[in-house]
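Here you go, one structure.
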Amino acid sequence: MELWASEASVVELSLPSQSGELYEKDFYAWTQEQAKFLRDGKWNCLDASNLALEIESLGRQERRELENRLGILPGHLLKWEFQSDKRSKSWFATIREQRRQILKLLDQSPSWKPYLPETLQDAYQDGLDLAVGETSLGYKDFPEQCPDEL
C-alpha cells in the first residue's frame, strides 16, 4: 500500500471477513470500515460484536466524565464554603465550568437524571478527597453526606 493512500483505499483493502482481525490490528481503520458499512447499509459486513462493545464503551466513557465532574464540583464547593478567606477566581471559574458541563452532559443524556442522586453521593467521596487533599482541613471538618444543593 502506498504511504499516502487515502482513507477510502484503506477501507477498500479490508474485507468483511477480516473485520475482527482489523479491530485488533488497526482500530482506526476498523472504525472507518464500520462507518462505511453502516452508511452503505452493508449490515452483513458489520463486526456486530465489536461494534456493540465500542458503543457500550462510549456510554461508559460519557458516564465517567459525568462522575468525574460530579466529584470535582463538590470538592471546590467545599473549599469555597470552608475556606472563604482563600476564595479565588480560579475556584469560582472551576465551579461554574463544572456546573455548566454537568448540565450539558445531562441535557445530552437525560436518561442519567434518575441516577443522579446516587451518582452524586458516590462522587461526593471524590470531592471530599479533593477538598481534604487541597486544604489543611480533615474529613471530620466536612459533611459526611453530600449536601442537597450543588
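Tell me, yes or no, whether segment 54-74 has at least one residue that is β-branched (Val, Ile, Thr), within 30 Å of Tyr28 (Cβ to Cβ) and within 24 Å of the chain's Cα centre (by Cα).
yes
Taking segment 4-40 on its own, how many of its residues are at pLDDT 70 or above and part of a helix (DSSP H, G or I)?
The number of residues fulfilling the criteria is 22.
Looking at Leu51, Leu73, which is the one that is modelled with pLDDT of 95 or more, surrounded by 15 or more Cβ atoms within 10 Å (Cβ to Cβ) and not assigned by TED's automatic domain parsing to the domain that holds Lys113?
Sole residue among the options that is modelled with pLDDT of 95 or more, surrounded by 15 or more Cβ atoms within 10 Å (Cβ to Cβ) and not assigned by TED's automatic domain parsing to the domain that holds Lys113: Leu51.
Which residue is surrounded by the fewest Cβ atoms within 10 Å (Cβ to Cβ), if the candidates are limited to segment 87-105 and must be free of Cβ contacts under 8 Å to residues at least 24 places away in the same chain and of a type in the set (Lys, Arg)?
For segment 87-105, the residue satisfying everything is Lys89.
The values are calculated or read from the model by the stated rules, or taken from the named source; none is laboratory data. Everything numeric here is computed off the predicted structure, so don't read it as measured data. Glycine also receives a Cβ, built like all others from the backbone with ideal geometry; neighbour counts cover every protein chain displayed.
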